[in-house]
Amino acid sequence: MLCMSRVLRRGSGRAARVAWRDRATSLAGLSGRYCSTKTAPQIPGMEYQDAICTLNTLQTNAAALEQVRRERSNPQLQLNAMGGFLERAGLTVNELDHLNIIHVTGTKGKGSTCAFTEQILRNHGFHTGFYSSPHLVQVRERIRINGQPIGKELFTKYFWQVYGRLDETKEAHGGSMPAYFRFLTILAFHIFLQEKVDVAVIEVGIGGAYDCTNIIRRPWVCGVSSLGIDHTQILGDTIEKIAWQKGGIFKPAVPAFTVRQPEGAMPVLEQRAKEIGCPLWVCPQLEDYQADCEPLRLGLAGQHQRSNASLALQLSHAWLQRRCLPGDSFPSTTVKDGGTLQAAAFSPSPMMVKGLADTVWAGRTQTLKHGEVTYFLDGAHTMRSMQACVQWFRETAAQHERNASGPVARVLLFNATGERDSAAMLKLLVACHFDFAVFCPNITEAIASCNADQQNFNVSVENMLTRCLDNERSWRLHNRPGDDEGARLLIEDGLSRFPDNRGDTLVFPCILSALQWITQGRDSVLVNPAETTLPVKPSVVAKAAALREATEIHVLITGSLHLVGGALKHLDPASSK
């Protein structure tokens, strides 16, 4: 996410940025200009925002970016470089063995799986560390101790310890500093060692084999969540190539678990496990665990979370076996099915049952109700995760609409980043029958007040706005009259919905302006005198009549975790503190 005013100050493409900015402003019907404030230079100190601003230099550090480019042609260099940075930071690979790591990869669901697993082990009384990405609102969300983002004071202290060691040794290494994600991974390891966690749950960044988290040599157990097509420029464009990358986290004699995978993926995972000497099991269905207890309830909504929960049960169970029964760290019962080892279901302990029910993972199938406005937030950004999002939203929104006392307006707020197929994801969303589709870049607000946690200098403003305009065009094409007449029959009978305005689309220059227009002053959290409301043209004000007349407004925010995080910054002010 970006602070627009700061990014507009950067680089030589100012004229292009202003042109695209004005184009999006015109489409959204906004009048007026952005304020522009020059960012003061940051001097390293013991302040949290100073640490974050210094961290952000690793997004634009020329030497770091050049190193990343070189490594793309020889990915093994990534791990070699990671080892060097780790050593310069005062850490050793041997020390990581003491973190008793659970290492999890996958295309979708790996973060939720880690969240379930961490909650289960914390319920058993263990002192937990949890490293995940990306963050939604603040960087320190990525590094959690006992389920909570590390405090600003501790983050700042540990940040300068690690950054200082790397900075003072850079001249002897050609001026090199680790790039953003690599640095945060090193920082997480340092924090977990300093805080003496009993277990570290580590989510892979991208892929597995060459991800910088794979510097880990001896995890206690590994997991692979559901696989799909994503990050094709890095991982490959087929499910088999992606599965090969994901299976790269397997380690000799370390138990590994996976969920049922798409055709083509499972044979590759099995072959990788065989080559590495890693025993691999496929998790049972969640309902198979329920023989001796009440049906399991999950704290995370959506049918797709059931496979994540099963994987978490197997990971935590295997970890607990090794912790409590060192000589019996493998599943005691397995069944062979066509050569694939099937992990046996077991009766979950009360702490496991409670852990699954208590798990919270913001921005994933999350519902926030603010009076007459209900927000449905899901950071789905692949085809498979968007399919799951659509199913979850249609079921959950229908439940809310049945309880509404009058017409309900449905609004989509969407953005997507990188090389992802936005048009294909938007086609899936057509089935949700939105009255309005609103598009905006992952820019929190169009003024200089946003914090450094949500700055991203790796993408230009003109690229983001171009993407928004392309998305709007795709939505209009998907919603041409007659395109989905059959899908109309899928709307549940008896729902009190507002008359269909499927042709209404808008592009806004930032998340805040989009949310303010969608809610039309009906969300008190967004009606804040401290927030600048950009003036809107009369034609766009008139267009919002349906929103003002509706009894309730339901907003699905999806397509990007960064978009969801930017929305949460405004919808949940406590998340920024």
The stretch 77-109 and the stretch 181-210: distance between their alpha carbon centers, rounded to Å: 6
Mean separation of Cα contacts under 8 Å, 6 or more apart, over the residue count of the stretch 81-154: relative contact order %: 17
Accessible area of Glu275 in the full protein assembly, 1.4 Å probe (Å², nearest 10): 120
Residue-by-residue Karplus 3J(HN,Hα) for the stretch 49-58, coefficients 6.51, -1.76, 1.60, Hz, glycine and proline x: 5, 4, 4, 5, 5, 5, 4, 5, 5, 6
Which listed pairs, of Lys110/Lys569; Lys157/Lys369; Lys369/Lys569; Lys108/Lys354, have C-alpha distances above 26 Å, in listed order: Lys157/Lys369
Highest-first arrangement of 395-405, 118-128, where packing means the average Cβ count within 10 Å: 118-128, 395-405
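The values are calculated or read from the model by the stated rules, or taken from the named source; none is laboratory data. Bear in mind that the values here come from a model prediction, so they are computed numbers and not experimental data. Don't worry about glycine lacking a Cβ; one is built from the backbone with ideal geometry, like all the others, and counts go over all protein chains shown. When the accessible area is computed, the model is the full protein with side chains, heavy atoms only, and any ligands, DNA or RNA have been set aside. Shrake-Rupley method; radii C 1.70, N 1.55, O 1.52, S 1.80 Å.
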